[in-house]
Structures are given as structure tokens and as C-alpha cells.
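Each remark here refers to the structure printed beneath this line.
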Amino acid sequence: MKLMVQVRLLPTPVQAAALEATLHACNEAATWASGVAFEKDVKRNFALRELAYGEIKARWGLGAQAAQHVIKKTCDAYTTLKANLKANLKAGNLGKPGSKRYRKATGKPVAFRLDSAQPYDDRMLSWRIAEQRISVWTVSGRVKDVVFTASPEQLATLALYRRGESDLVRRDGMWFLNATCEVPESPLNTDPVDFLGIDLGIVNIATTSDGEIMAGRELNRVRVRERGLRKKLQKKNTPSAKRRLKKRRRKEGRRAKDINHKIAKHVVAEAERTGRGIALEDLTGIRERVRLRKPQRATHSSWSFAQLGQFIAYKARKAGVPVVHVDPAYTSRTCAECGHIDKANRVSQAWFACRNCGFVDHADRNGSRNIRARAWELWRRGAQSTAPAPPPRKRDGAGRRRSITASGARCASPSL
């Protein structure tokens with residue numbers, strides 16, 4: 001399994017100037033190569049290399065390896081754009097080919113910021129991990145003894161598993177290296193004793209079937225305060241307000257990412273400790289399916305649940321914990337004790353009271369218990385396999401194909 005380990009560089013002023021000049025030269029060359037690729041409609045690596053390699057070396061003074069990485073980065077950018085256009089076209093975000101948004105995305109060549117990341121391979125970058133030093137190629141020559149800082153866990157991972165390229169990144173005046181590490185996965189637990197259900201929500205980011213609530217109302221107060229400040233700055237619309245907005249946007253993104261990492265780490269550690277799997281809701285396309293009033297839209301879209309799911313997935317793979325995704329339909333209205341489904345069961349945002357058996361519980365905990373039950377049922381059906389078989393499919397009344405199970409759940413590969 002590939003992971004990225006980020007370390008911070010601590011260059012001297014002279015070293016930082018050499019790194020900055022290199023990054024700017026590489027990205028200027030990449031933008032020029034992108035224009036050539038767009039004009040000639042040549043977006044494959046070796047074909048573009050024939051057109052741009054010599055000019056890049058002569059004009060920007062790049063070495064052979066750096067020039068090849070610039071061309072490859074350009075081709076990768078067009079590959080990513082093509083994949084995003086295909087995905088967005090399916091979701092309807094960019095409209096059909098010929099629409100204004102689609103033309104805006106495809107009508108000009110890809111441009112690279114001067115501080116965009118630049119890949120380095122082992123010919124251009126040498127690591128001395130024990131001494132926390134690197135030697136790196138620049139347009140000014142080889143720069144040696146650049147200090148970097150990392151945690152003991154990161155140093156151990158780098159020493160054991162670092163493979164392939166590393167990306168040089170400059171962000172907010174700081175320098176980083178993102179190193180690719182191939183970390184072995186633990187054997188998948190094919191016989192979990194149960195599942196730990198996770199209910200995702202707006203008021204409480206995550207609630208487990210054990211009743212533990214993570215990142216609740218205290219975080220929401222911070223989010224409301226940040227949203228109010230963002231609204232004021234947007235209203236001012238001055239250059240300084242825009243700079244402040246950009247800075248705060250990055251800060252909010254880092255906070256959300258940190259919280260998602262902590263939640264994922266805790267959930268996976270608890271599942272691994274108790275020998276259970278993890279049951280998650282499949283929220284694919286939820287923003288397209290749900291219609292909200294304007295005051296609710298910001299709250300509904302202000303948290304990256306997809307990022308949280310990705311963090312849980314890769315940490316679970318590393319620990320050998322199976323993950324199953326289920327359809328969340330009616331989990332908030334279904335009684336976890338008797339199975340009765342009724343909209344009136346959800347008496348408030350926080351509480352659930354069954355109209356049939358009288359069972360009362362926290363609404364998010366009740367939902368997470370339903371998610372756990374659906375995942376457990378799916379897993380038992382495919383218990384002889386590390387990846388339970390997909391549910392049977394048949395056509396619905398509109399001629400579309402749909403997945404059906406007795407519980408209405410949809411299973412994903414437990415190793416993903």
C-alpha cells in the first residue's frame with residue numbers, strides 16, 4: 001500500500017533561493033510544454049518529449065531528469081483533467097460538451113502555478129535519513145546538507161519503506177518533501193466477531209454503535225464562527241480581505257483534515273483492538289440527491305465526509321480491518337431493537353423514540369446500530385470470502401438496474 005510521508009525542510013536562505021529558482025523554472029517549463037501539448041494535441045509522454053525535451057533543457061537550464069519529469073507532469077495533468085471531465089460529466093457538474101462550463105475547462109491549456117509541486121527521483125534527490133539531511137538537484141547545482149525535520153514514526157517509515165519519487169512543495173513560505181512509501185498491509189481479518197457501525201452526521205461528525213460521539217457541538221461552534229467571519233470578509237471584497245480569506249480557507253482545511261485523521265485513527269484502533277470490522281454509510285452522490293433550503297446548504301456541505309471515509313479505508317487496510325459500506329436509507333427512522341420504520345420515530349435531531357416498542361435512544365447511536373446490523377448481515381452472507389459477493393441485481397420499474405438485499409444494504413469490498 002502506497003502512503004505519502006510529508007517532512008518539512010529547513011533550508012538556509014541560500015538553499016531556499018536555489019530551491020525557489022528551481023521550482024519556478026520547472027513550472028514555467030511545464031506551462032510552456034502544456035501549451036505545446038494543447039496546440040499539437042499531443043498529450044502522451046514519449047510523443048511530447050520529442051517536441052519539448054530539447055527546448056526545455058536549453059531554455060530553462062534543466063537537467064535531463066528534471067526535463068523528463070516536467071514533461072511527464074504535464075501529461076499527467078491532462079490525464080487527470082480527462083478523468084475529471086468524464087466523472088464530472090456523469091455527475092452533471094460541468095454540463096454537456098459544448099456548455100459554458102465545459103468549454104471553460106477544455107478551451108485552454110493547463111497552467112501550473114510557480115509553486116506547484118515538482119517530482120524528484122533518486123537520481124536528483126538523495127536521503128540521509130539517520131542524519132535528517134538531503135542532497136537535492138537545483139538549477140544552481142547540487143545543494144547538499146539540507147536539513148529536514150520529521151517525527152520518529154515518520155523517520156522509521158522512511159527508512160524501511162521509502163520507494164520511488166518524492167515531491168518538492170512550497171506552501172505558505174515553507175518547504176516540504178512528500179515521499180512515497182510502500183507500506184505492507186496487515187493480513188485481513190476474515191473472521192470479525194462483529195462490526196463497529198459509524199453514523200456520519202452534520203451536528204455530530206461521527207457516532208459509533210458503542211455510543212461514542214466524536215467532533216460534536218464544540219466543533220460546530222467553531223465552524224459557525226468561521227462561517228460568519230468568512231461572510232464578512234466576502235462582503236468587504238477588498239484585496240486584503242481576499243488574502244485573508246485564502247489564508248483562513250487553508251487553515252480550515254487543515255483543521256478538518258486533522259480532525260478526520262484523529263477520528264479515523266481512533267475508529268480503526270478500536271475496531272482492531274476488539275476484533276471487529278467497520279461499517280460505514282455509502283454516501284456517494286448524496287449532495288446531488290438531497291435538496292436543501294438555502295440556510296442549510298453551507299452546513300450540509302462544509303465537511304468532507306469523503307475524506308474521512310478515505311482515511312478510515314487506508315488506515316483499516318494497513319491494520320487488516322475489514323470495511324463494509326451499506327446503504328444508509330431509513331437508518332435514522334428504523335428502530336434498532338424491533339426494526340419498525342416510521343418517520344415519527346425521529347422525534348428530534350438528537351433523540352429517537354420507537355412508536356412500536358417504545359425503545360428510546362440517541363438518534364445517531366440508533367442509526368449507527370442499524371448500520372452495524374446491515375454490515376453484519378452482509379458479511380455473514382459472504383463469510384467464506386475476504387470480499388463478500390455483491391448483492392443480486394434486477395431491473396426496477398423504470399428499466400434501470402438496481403441492487404437489492406433483504407436489508408436494503410449495498411456491500412463494498414471489505415478491503416477497500
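The values are calculated or read from the model by the stated rules, or taken from the named source; none is laboratory data. Computed from a predicted structure; not experimentally measured. In this analysis, Cβ positions are derived from the backbone assuming ideal geometry, glycine residues included, and neighbour counts consider all displayed protein chains.
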Worksheet entry | Matching residues in region 343-357 - criterion: being farther than 25 Å from GLU212 by Cβ and within 35 Å of the chain's Cα centre (by Cα) | LYS343
Worksheet, complete the sentence: Within region 150-166, restricting to residues that are loosely packed, with under 14 Cβ neighbours inside 10 Å and not hydroxyl-bearing (Ser, Thr, Tyr), the one that is modelled with the lowest pLDDT is GLY164
Worksheet item: Does ALA18 satisfy the condition of being of a type in the set (A, V, I, L, M) and touching a strand residue (DSSP E or B) at 6+ places or on another chain (Cβ under 8 Å)?
Response: yes
Discussion item. Given the condition within 15 Å of ALA33 (Cβ to Cβ), modelled with pLDDT of 95 or more and touching a strand residue (DSSP E or B) at 6+ places or on another chain (Cβ under 7 Å), answer yes or no: does some residue in region 68-82 qualify?
Written reply: yes
Worksheet item: Can you tell me which residues in region 194-211 are surrounded by fewer than 16 Cβ atoms within 10 Å (Cβ to Cβ) and either out of contact with any helix residue (DSSP H, G or I) (no Cβ under 7 Å at 6 or more places or on another chain) or under 12 Å from SER368 (Cα atoms) (or both)?
Response: ASP210, GLY211
Response to the item:
Residues of region 287-331 being more than 23 Å from ARG381 (Cβ to Cβ), small (Gly, Ala, Ser) and either in a helix (DSSP H, G or I) or modelled with pLDDT of 90 or more (or both), in sequence order, are ALA298, ALA306, ALA319
Practice prompt. From VAL110, VAL147, VAL169, VAL143, grab the single residue that is more than 30 Å from LYS40 (Cα to Cα) and crowded, with 17+ Cβ neighbours inside 10 Å.
Written response: VAL143
Worksheet item: Does region 55-73 include one or more residues that are within 30 Å of THR284 (Cβ to Cβ), assigned by TED's automatic domain parsing to the domain that holds ASP172, surrounded by fewer than 16 Cβ atoms within 10 Å (Cβ to Cβ) and not basic (Lys, Arg)?
Response: no
Worksheet entry | Qualifying position, being at pLDDT below 90, in contact with a Ser or Thr (Cβ under 7 Å, 6 or more places away or on another chain) and either surrounded by 12 or more Cβ atoms within 10 Å (Cβ to Cβ) or over 30 Å from LEU10 (Cα atoms) (or both), among THR180, THR190 | THR190
Response to the item:
Filter region 113-136 for residues that are farther than 19 Å from ARG163 by Cβ and in contact with a helix residue (DSSP H, G or I) (Cβ under 8 Å, 6 or more places away or on another chain); the one that is surrounded by the fewest Cβ atoms within 10 Å (Cβ to Cβ) is ARG113
Discussion item. Regarding region 28-40, can at least one residue be identified that is over 25 Å from SER166 (Cα atoms) and among the hydroxyl-bearing types (Ser, Thr, Tyr)?
Written reply: no
Worksheet item: Of all residues in region 346-385, which are polar (S, T, N, Q), surrounded by fewer than 23 Cβ atoms within 10 Å (Cβ to Cβ) and closer than 18 Å to GLU281 by Cβ?
Response: GLN349
Discussion item. Being within 20 Å of the chain's Cα centre (by Cα), over 27 Å from THR208 (Cα atoms), loosely packed, with under 14 Cβ neighbours inside 10 Å and not aromatic (Phe, Trp, Tyr): is that true of LYS231 here?
Written reply: no
Worksheet item: Only one residue in ALA117, ALA105, ALA130 is over 30 Å from ARG8 (Cβ atoms) and among the hydrophobic types (A, V, I, L, M, F, W, C), so which one is that?
Response: ALA105
Discussion item. Suppose the filter is closer than 24 Å to THR138 by Cα, polar (S, T, N, Q) and modelled with pLDDT under 95; does ASN45 pass it?
Written reply: yes
Worksheet item: Can you name the helices (runs of 4 or more DSSP H) wholly within region 1-114 that have at least 3 residues being more than 26 Å from the chain's Cα centre (by Cα)?
Response: 13-40, 45-60, 64-91
